[in-house]
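Below is one structure, written out as structure tokens; the observations come after it.
The values are calculated or read from the model by the stated rules, or taken from the named source; none is laboratory data. Just so it is clear, the model here is predicted, and its values are computed rather than measured. All Cβ positions, glycine included, derive from the backbone under ideal geometry; neighbour counts span all protein chains shown.
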Amino acid sequence: MKTHTTLRIFWILLSIVLGFAATTTASSADNKIQDPLTEDRTSNILNTESPRERVPGDNEAVYGPIPKAEQIFHIEFLEIAPSPIEVDKYFFILLRGSIPPPTRRELHLGPAHLASATLSITISAILENGDKLEPRTYYRIPLRTAEHAEGAHLAIRNATGAYVDHMALEGRNDVLVDAWIPAIFVTTGMWTFEVVASLGCNWGEERRYLFALTLTQWLESNDRW
């Protein structure tokens, strides 16, 4: 049961954001590769996609898969430390931003839309041996302050610095994550994490997106396992 819980943490929290996330390369032309020995193995991966706009802040994330123009949450910055993320070590994420007043009025947003917002994590990979893991959405979780397991947390903070249950319509919102990636569950390769936050309540067939971020980085397995 403990192993199952730890695996769940790995998939959920890396990508928030980030997990959330979590960062050697991205799909833009000025990305850096942490380990130069991996450059030949991964250059084709990085060059097959059109460059996307980088998310401001100390990170390697880009906007997408939902176009930036369709995202409601205006991101001030995204900070990831350490960057790139390392397995078997804690990492910390801070995503700061707000919902512009014109957007709130145009969409007639209410507190219930944010109280029931969700976060989905889609994962894919090209492994070192050439195998591909096709994109798969593993989880949809509430975008709310919660402890997902011992030592791993997702929290929402308002402009006053107070921790709250969910995002606010007005003022600044901070999304914070502290978590770690167990190396026992990692196969060496280039991993891509797509994190999409959607508004709650019924919008009919049209879905509204708070933010959508993609993080691509090289992860090393632990030879001890």
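Residue 104: on the phi < 0 side of the Ramachandran plot, out of contact with any Gly (no Cβ under 8 Å at 6 or more places or on another chain) and not in a strand (DSSP E or B), yes or no?
For residue 104, the condition - on the phi < 0 side of the Ramachandran plot, out of contact with any Gly (no Cβ under 8 Å at 6 or more places or on another chain) and not in a strand (DSSP E or B) - is met.
Within region 64-92, can you find the residues that are farther than 13 Å from residue 210 by Cα, in contact with a strand residue (DSSP E or B) (Cβ under 6 Å, 6 or more places away or on another chain) and of a type in the set (Phe, Trp, Tyr)?
Scanning region 64-92 gives 77, 90, 92.
Filter region 166-203 down to the residues that are in contact with a strand residue (DSSP E or B) (Cβ under 7 Å, 6 or more places away or on another chain) and among the acidic types (Asp, Glu) and list them by number.
Those that are in contact with a strand residue (DSSP E or B) (Cβ under 7 Å, 6 or more places away or on another chain) and among the acidic types (Asp, Glu): 174, 178, 194.
Could you grab me the full set of residues in region 40-71 that are assigned to a helix (DSSP H, G or I), surrounded by 12 or more Cβ atoms within 10 Å (Cβ to Cβ) and either of a type in the set (S, T, N, Q) or modelled with pLDDT under 95 (or both)? Give the derivation first.
To start, the set of residues in region 40-71 that are assigned to a helix (DSSP H, G or I) comprises 40-47, 68-70.
Right, trim to surrounded by 12 or more Cβ atoms within 10 Å (Cβ to Cβ) and you get 41-43, 45-46, 68.
Within region 40-71, 41, 42, 43, 45, 46 qualify.
Considering only region 99-123, state which residues are more than 23 Å from residue 148 (Cα to Cα), surrounded by fewer than 20 Cβ atoms within 10 Å (Cβ to Cβ) and out of contact with any Cys (no Cβ under 9 Å at 6 or more places or on another chain).
100, 101, 102, 103, 104, 105, 106, 107, 108, 109, 111
The rows are residues; the columns are (1) crowded, with 17+ Cβ neighbours inside 10 Å; (2) at pLDDT below 90.
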{"residue": "125", "(1), (2)": "yes, no"}
{"residue": "139", "(1), (2)": "no, yes"}
{"residue": "146", "(1), (2)": "no, no"}
{"residue": "165", "(1), (2)": "no, no"}
{"residue": "176", "(1), (2)": "yes, no"}
{"residue": "182", "(1), (2)": "no, yes"}
